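A short write-up of the structure that comes next.
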């Protein structure tokens, strides 16, 4: 009892006091305070950039909450009208994921431009695995808010001249100016992209807006005032930057990616068949040439043997006479 009392006395707490620089394993050291709003935004934006294959960037100007609600309402109605993808055929390759309707997962989000630029630098120029191998620290200590990520992105920010010209940050950076909003698609679907463009950036005849009879809410004053304050400036599709024309080209793919894949497969098959026919034709011509040459040589050899036999017979006849 006395040992327990001494261990639990006032002076015993100092023996078990944690050092001032102790960091729990569940919260690795960070260059930024993980509880700060900017830190949470940075982690959200890096996750979005890594997990979103199709992302559109819009500039907006002083939209009110009512106008944002109208835009999201009309966007949701347009996406809901896109036909769901057909199920996989019975003879489809095993292991293919079943088609999913992404209409309910498309999100329009207002972003902080400065933090989004930082997140784009982190995603493109910071490799947590390489940083862990260089520093000898586990991967948990080279996260997006770590000192290693901060130093890597700060170095790239100071040395802009060394940023590759074809990098996503170099191409998308000039578009990240002013108040911005992003439209996130969880999968690349030209049909859903076309529906979104017809609402947020209509351009007849490729992406005409809905008629007043089909969707009278589109022509309400609140929505019309709101959509005029939106400007499509570009997009990021599969880590590649597209301008407005490129985004519209993707949205205008007839039949979606399945048709595009089928066309690519047909093109590769036709090219393979043409190459096979070319190789077979060359082989056949070579075989015919060799065979004709062999037959000529055989005939010459037979003729030479016949002449030799005739000469021997003539010699024998002359010797007998």
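The values are calculated or read from the model by the stated rules, or taken from the named source; none is laboratory data. Not measured: the values here are computed from a predicted model. Every residue, glycine among them, receives a Cβ derived from its backbone with ideal geometry; neighbour counts consider all protein chains shown.
Matching residues to (1) closer than 14 Å to residue 68 by Cα; (2) in the same structural domain as residue 57 (by TED's automatic domain parsing); (3) modelled with pLDDT under 60; (4) in contact with a strand residue (DSSP E or B) (Cβ under 7 Å, 6 or more places away or on another chain):
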site: 218; (1), (2), (3), (4): yes, yes, no, no
site: 221; (1), (2), (3), (4): yes, yes, no, no
site: 227; (1), (2), (3), (4): yes, yes, no, no
site: 238; (1), (2), (3), (4): no, yes, no, no
site: 245; (1), (2), (3), (4): no, yes, no, no
site: 262; (1), (2), (3), (4): no, no, yes, no
site: 265; (1), (2), (3), (4): no, no, yes, no
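Report, ordered by the first and then the second residue, all pairs with beta carbons closer than 6 Å, sequence separation of six or more or different chains, a first member in region 29-58 that is in the same structural domain as residue 115 (by TED's automatic domain parsing) and outside any helix (DSSP H, G or I), and a second member that is loosely packed, with under 15 Cβ neighbours inside 10 Å and modelled with pLDDT under 90.
53/238
Sort out for me the helices (runs of 4 or more DSSP H) sitting completely within region 146-247 that have 2 or more residues that are within 22 Å of residue 73 (Cβ to Cβ) and free of Cβ contacts under 8 Å to residues at least 24 places away in the same chain.
221-227
Rundown of residues vs (1) within 24 Å of residue 191 (Cα to Cα); (2) more than 28 Å from the chain's Cα centre (by Cα); (3) at pLDDT 75 or above, yes/no style:
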{"residue": "16", "(1), (2), (3)": "no, yes, no"}
{"residue": "27", "(1), (2), (3)": "no, yes, no"}
{"residue": "31", "(1), (2), (3)": "no, yes, no"}
{"residue": "45", "(1), (2), (3)": "no, no, yes"}
{"residue": "63", "(1), (2), (3)": "no, yes, yes"}
{"residue": "71", "(1), (2), (3)": "yes, no, yes"}
{"residue": "82", "(1), (2), (3)": "yes, no, yes"}
{"residue": "98", "(1), (2), (3)": "yes, no, no"}
{"residue": "102", "(1), (2), (3)": "yes, no, yes"}
